[in-house]
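Note sheet for the following structure.
The values are calculated or read from the model by the stated rules, or taken from the named source; none is laboratory data. As the structure is a prediction and not an experimental result, all values here were calculated from the model. Heads up, the Cβs are rebuilt from the backbone with ideal geometry, glycines too, and the neighbour counts pull from every protein chain shown. Heads up: the accessible areas ignore ligands, DNA and RNA and are worked out on the full protein's heavy atoms, side chains in. Shrake-Rupley method; radii C 1.70, N 1.55, O 1.52, S 1.80 Å.
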Amino acid sequence: MTVQAGDPLSMAGLLEHLRQNPGLVVLPAEQRHLAEVAVVAVDRLSAEVVAGMRRAATEVGTPVVLVVGELEESELPTAVECRVVAVLPRAVATAERLVHGVVTAAAGDGVMPPHLVGALIRDVERLQRQLLALDGVGSRDRLTPREEQVLRMMAEGLDTAEIAVRLSYSERTVKNVIYGVTTRFNLRNRPHAVAYAVRAGLI
(Lines give C-alpha, C1' and ligand atoms only; values in the text may rest on other atoms or scores of the structure.)
Protein backbone atom coordinates (compact mmCIF):
# COMPACT_ATOMS: atom_id res chain seq x y z
CA MET A 1 0.00 0.00 0.00
CA THR A 2 0.96 3.65 -0.22
CA VAL A 3 0.24 6.32 2.37
CA GLN A 4 -0.41 10.02 1.75
CA ALA A 5 -1.19 12.60 4.41
CA GLY A 6 -1.72 16.34 4.51
CA ASP A 7 0.85 16.92 7.26
CA PRO A 8 3.87 15.14 8.83
CA LEU A 9 2.11 14.43 12.12
CA SER A 10 -0.79 12.64 10.40
CA MET A 11 1.70 10.72 8.27
CA ALA A 12 3.61 9.55 11.33
CA GLY A 13 0.39 8.45 13.04
CA LEU A 14 -0.81 6.49 10.03
CA LEU A 15 2.51 4.71 9.62
CA GLU A 16 2.59 3.83 13.33
CA HIS A 17 -0.91 2.33 13.13
CA LEU A 18 -0.25 0.40 9.93
CA ARG A 19 3.11 -0.98 10.97
CA GLN A 20 1.47 -2.65 13.95
CA ASN A 21 0.26 -5.22 11.43
CA PRO A 22 3.24 -7.15 10.01
CA GLY A 23 1.13 -8.34 7.08
CA LEU A 24 0.93 -4.83 5.62
CA VAL A 25 3.74 -3.35 3.56
CA VAL A 26 4.02 0.40 2.98
CA LEU A 27 5.60 1.28 -0.36
CA PRO A 28 7.32 4.57 -1.22
CA ALA A 29 5.36 7.04 -3.33
CA GLU A 30 7.38 6.29 -6.45
CA GLN A 31 6.14 2.68 -6.33
CA ARG A 32 2.45 3.57 -6.00
CA HIS A 33 1.69 1.73 -9.24
CA LEU A 34 2.55 -1.51 -7.40
CA ALA A 35 0.28 -0.86 -4.43
CA GLU A 36 -3.03 -2.70 -3.92
CA VAL A 37 -4.45 0.08 -1.74
CA ALA A 38 -3.76 3.77 -1.20
CA VAL A 39 -4.41 5.35 2.21
CA VAL A 40 -5.11 9.08 1.97
CA ALA A 41 -5.54 11.24 5.08
CA VAL A 42 -6.89 14.78 4.68
CA ASP A 43 -8.92 17.27 6.72
CA ARG A 44 -11.46 17.69 3.93
CA LEU A 45 -11.94 17.14 0.21
CA SER A 46 -10.64 20.44 -1.07
CA ALA A 47 -10.46 21.14 -4.79
CA GLU A 48 -6.72 20.49 -4.68
CA VAL A 49 -7.16 17.14 -2.93
CA VAL A 50 -9.86 16.04 -5.35
CA ALA A 51 -7.74 17.02 -8.36
CA GLY A 52 -4.84 14.95 -7.06
CA MET A 53 -7.03 11.94 -6.30
CA ARG A 54 -8.61 12.11 -9.76
CA ARG A 55 -5.18 12.10 -11.37
CA ALA A 56 -4.20 9.09 -9.30
CA ALA A 57 -7.46 7.32 -10.17
CA THR A 58 -6.79 7.85 -13.87
CA GLU A 59 -3.10 7.00 -13.81
CA VAL A 60 -3.06 4.16 -11.29
CA GLY A 61 -6.65 3.26 -10.36
CA THR A 62 -5.75 1.94 -6.91
CA PRO A 63 -8.67 1.69 -4.46
CA VAL A 64 -8.47 4.37 -1.77
CA VAL A 65 -9.05 4.25 1.98
CA LEU A 66 -9.92 7.83 2.90
CA VAL A 67 -9.19 9.02 6.44
CA VAL A 68 -10.96 12.36 6.62
CA GLY A 69 -11.68 14.99 9.21
CA GLU A 70 -14.90 16.16 7.60
CA LEU A 71 -16.90 14.75 4.70
CA GLU A 72 -20.29 16.09 3.65
CA GLU A 73 -22.85 13.72 2.14
CA SER A 74 -22.82 15.83 -1.02
CA GLU A 75 -19.08 15.14 -1.39
CA LEU A 76 -19.43 11.37 -1.28
CA PRO A 77 -20.17 10.85 -5.02
CA THR A 78 -17.02 12.84 -5.81
CA ALA A 79 -15.03 10.66 -3.41
CA VAL A 80 -16.39 7.52 -5.02
CA GLU A 81 -15.43 8.83 -8.47
CA CYS A 82 -11.87 9.13 -7.11
CA ARG A 83 -11.86 5.38 -6.34
CA VAL A 84 -12.56 5.81 -2.62
CA VAL A 85 -13.96 2.49 -1.40
CA ALA A 86 -13.59 3.00 2.35
CA VAL A 87 -14.23 6.12 4.44
CA LEU A 88 -12.86 6.36 7.97
CA PRO A 89 -13.68 9.52 9.96
CA ARG A 90 -10.51 10.79 11.61
CA ALA A 91 -12.24 10.98 15.00
CA VAL A 92 -12.67 7.19 15.09
CA ALA A 93 -9.55 6.20 13.15
CA THR A 94 -8.15 3.56 15.47
CA ALA A 95 -5.38 1.22 14.37
CA GLU A 96 -7.86 -1.66 14.22
CA ARG A 97 -10.32 0.23 12.02
CA LEU A 98 -7.59 1.52 9.74
CA VAL A 99 -6.15 -1.95 9.19
CA HIS A 100 -9.66 -3.34 8.63
CA GLY A 101 -10.29 -0.68 5.98
CA VAL A 102 -7.05 -1.48 4.19
CA VAL A 103 -7.61 -5.24 4.24
CA THR A 104 -11.22 -4.81 3.10
CA ALA A 105 -10.20 -2.53 0.23
CA ALA A 106 -7.47 -4.94 -0.85
CA ALA A 107 -10.07 -7.73 -0.99
CA GLY A 108 -12.18 -5.65 -3.38
CA ASP A 109 -14.82 -4.68 -0.85
CA GLY A 110 -15.68 -1.37 0.80
CA VAL A 111 -16.51 0.24 4.13
CA MET A 112 -18.80 3.23 4.53
CA PRO A 113 -20.12 4.84 7.73
CA PRO A 114 -23.88 4.25 8.08
CA HIS A 115 -24.71 7.96 7.91
CA LEU A 116 -23.12 8.19 4.46
CA VAL A 117 -25.06 5.30 2.95
CA GLY A 118 -28.02 7.65 2.43
CA ALA A 119 -25.96 9.77 0.06
CA LEU A 120 -25.10 6.68 -1.97
CA ILE A 121 -28.75 5.67 -2.08
CA ARG A 122 -29.74 9.07 -3.43
CA ASP A 123 -27.02 8.89 -6.05
CA VAL A 124 -28.28 5.46 -7.07
CA GLU A 125 -31.79 6.89 -7.39
CA ARG A 126 -30.43 9.53 -9.75
CA LEU A 127 -28.67 6.89 -11.83
CA GLN A 128 -31.81 4.79 -11.98
CA ARG A 129 -33.83 7.74 -13.25
CA GLN A 130 -31.21 8.35 -15.92
CA LEU A 131 -31.28 4.72 -16.99
CA LEU A 132 -35.06 4.70 -17.23
CA ALA A 133 -35.05 7.91 -19.23
CA LEU A 134 -32.57 6.48 -21.71
CA ASP A 135 -33.71 2.90 -21.89
CA GLY A 136 -37.29 2.78 -20.67
CA VAL A 137 -38.54 0.27 -18.13
CA GLY A 138 -37.11 -3.06 -19.17
CA SER A 139 -34.83 -5.91 -18.25
CA ARG A 140 -31.92 -3.61 -17.48
CA ASP A 141 -33.55 -2.40 -14.25
CA ARG A 142 -34.01 -5.92 -12.87
CA LEU A 143 -31.63 -8.09 -10.88
CA THR A 144 -31.22 -11.80 -11.45
CA PRO A 145 -31.77 -14.11 -8.44
CA ARG A 146 -28.04 -14.73 -8.23
CA GLU A 147 -27.31 -11.00 -8.25
CA GLU A 148 -29.86 -10.48 -5.47
CA GLN A 149 -28.20 -13.18 -3.35
CA VAL A 150 -24.75 -11.70 -3.76
CA LEU A 151 -25.93 -8.14 -3.04
CA ARG A 152 -27.78 -9.23 0.10
CA MET A 153 -24.65 -10.91 1.44
CA MET A 154 -22.50 -7.91 0.56
CA ALA A 155 -24.92 -5.72 2.49
CA GLU A 156 -24.55 -8.07 5.47
CA GLY A 157 -20.82 -7.36 5.44
CA LEU A 158 -19.57 -10.61 3.89
CA ASP A 159 -16.46 -10.40 1.74
CA THR A 160 -15.95 -12.15 -1.60
CA ALA A 161 -14.51 -15.32 -0.12
CA GLU A 162 -17.33 -15.69 2.43
CA ILE A 163 -20.00 -15.15 -0.24
CA ALA A 164 -18.34 -17.77 -2.44
CA VAL A 165 -18.43 -20.31 0.41
CA ARG A 166 -22.06 -19.53 1.29
CA LEU A 167 -23.24 -19.91 -2.32
CA SER A 168 -20.81 -22.68 -3.33
CA TYR A 169 -19.39 -20.49 -6.10
CA SER A 170 -15.79 -19.71 -6.95
CA GLU A 171 -14.51 -16.30 -5.89
CA ARG A 172 -14.11 -15.44 -9.57
CA THR A 173 -17.81 -16.15 -10.15
CA VAL A 174 -18.78 -13.83 -7.28
CA LYS A 175 -16.50 -11.09 -8.62
CA ASN A 176 -18.04 -11.52 -12.09
CA VAL A 177 -21.55 -11.17 -10.65
CA ILE A 178 -20.57 -7.97 -8.85
CA TYR A 179 -18.84 -6.62 -11.94
CA GLY A 180 -21.96 -7.35 -14.00
CA VAL A 181 -24.18 -5.41 -11.59
CA THR A 182 -21.87 -2.43 -11.27
CA THR A 183 -21.39 -2.23 -15.04
CA ARG A 184 -25.05 -2.62 -16.01
CA PHE A 185 -26.33 -0.05 -13.54
CA ASN A 186 -23.36 2.34 -13.90
CA LEU A 187 -22.46 1.88 -10.24
CA ARG A 188 -18.97 2.91 -9.20
CA ASN A 189 -17.95 0.21 -6.74
CA ARG A 190 -19.21 -2.31 -4.18
CA PRO A 191 -20.49 0.20 -1.61
CA HIS A 192 -22.47 1.82 -4.42
CA ALA A 193 -23.87 -1.61 -5.32
CA VAL A 194 -24.94 -2.16 -1.71
CA ALA A 195 -26.71 1.19 -1.80
CA TYR A 196 -28.52 -0.01 -4.90
CA ALA A 197 -29.60 -3.13 -3.01
CA VAL A 198 -31.04 -0.94 -0.26
CA ARG A 199 -32.90 1.19 -2.77
CA ALA A 200 -34.19 -1.92 -4.55
CA GLY A 201 -35.68 -3.17 -1.30
CA LEU A 202 -33.38 -6.19 -1.00
CA ILE A 203 -32.29 -5.34 2.53
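Condition test on Gly52, is it farther than 23 Å from Val92 by Cα and assigned to a helix (DSSP H, G or I)? Full working, then the answer.
Details: farther than 23 Å from Val92 by Cα: yes; assigned to a helix (DSSP H, G or I): yes.
Yes.
Scanning the stretch 184-203 for residues that are farther than 24 Å from His100 by Cα and either touching a Cys at 6+ places or on another chain (Cβ under 8 Å) or open to solvent by 70 Å² or more (accessible area, probe 1.4 Å) (or both), which turns out modelled with the lowest pLDDT?
Selected residue: Arg199.
Return the residues of the stretch 25-45 that are open to solvent by 30 Å² or more (accessible area, probe 1.4 Å) and either under 15 Å from Val64 (Cα atoms) or of a type outside the set (A, V, I, L, M, F, W, C) (or both); say none if nothing qualifies.
Selection gives Val26, Leu27, Pro28, Ala29, Glu30, Gln31, Arg32, His33, Leu34, Glu36, Asp43, Arg44.
At pLDDT below 85, in contact with a strand residue (DSSP E or B) (Cβ under 8 Å, 6 or more places away or on another chain) and open to solvent by less than 50 Å² (accessible area, probe 1.4 Å), is that true of Gly110?
Considered against the rule, which asks whether it is at pLDDT below 85, in contact with a strand residue (DSSP E or B) (Cβ under 8 Å, 6 or more places away or on another chain) and open to solvent by less than 50 Å² (accessible area, probe 1.4 Å), Gly110 comes out as yes.
Any residue in the stretch 162-169 that is modelled with pLDDT under 80 and open to solvent by less than 10 Å² (accessible area, probe 1.4 Å)? So that I can check it myself, show each step before the final result.
Taking the stretch 162-169 and keeping what is modelled with pLDDT under 80, we get none.
For the stretch 162-169, residues modelled with pLDDT under 80 and open to solvent by less than 10 Å² (accessible area, probe 1.4 Å): absent.
Looking at the stretch 66-74, can you tell me whether even one residue there is open to solvent by 30 Å² or more (accessible area, probe 1.4 Å), hydrophobic (A, V, I, L, M, F, W, C) and in contact (Cβ under 8 Å) with a residue 24 or more places away in the chain?
Taking every residue of the stretch 66-74 in turn, none turns out to be open to solvent by 30 Å² or more (accessible area, probe 1.4 Å), hydrophobic (A, V, I, L, M, F, W, C) and in contact (Cβ under 8 Å) with a residue 24 or more places away in the chain.
Which of the residues belonging to the stretch 8-22 are modelled with pLDDT under 80 and either within 27 Å of Ala47 (Cβ to Cβ) or loosely packed, with under 10 Cβ neighbours inside 10 Å (or both)?
Pro22
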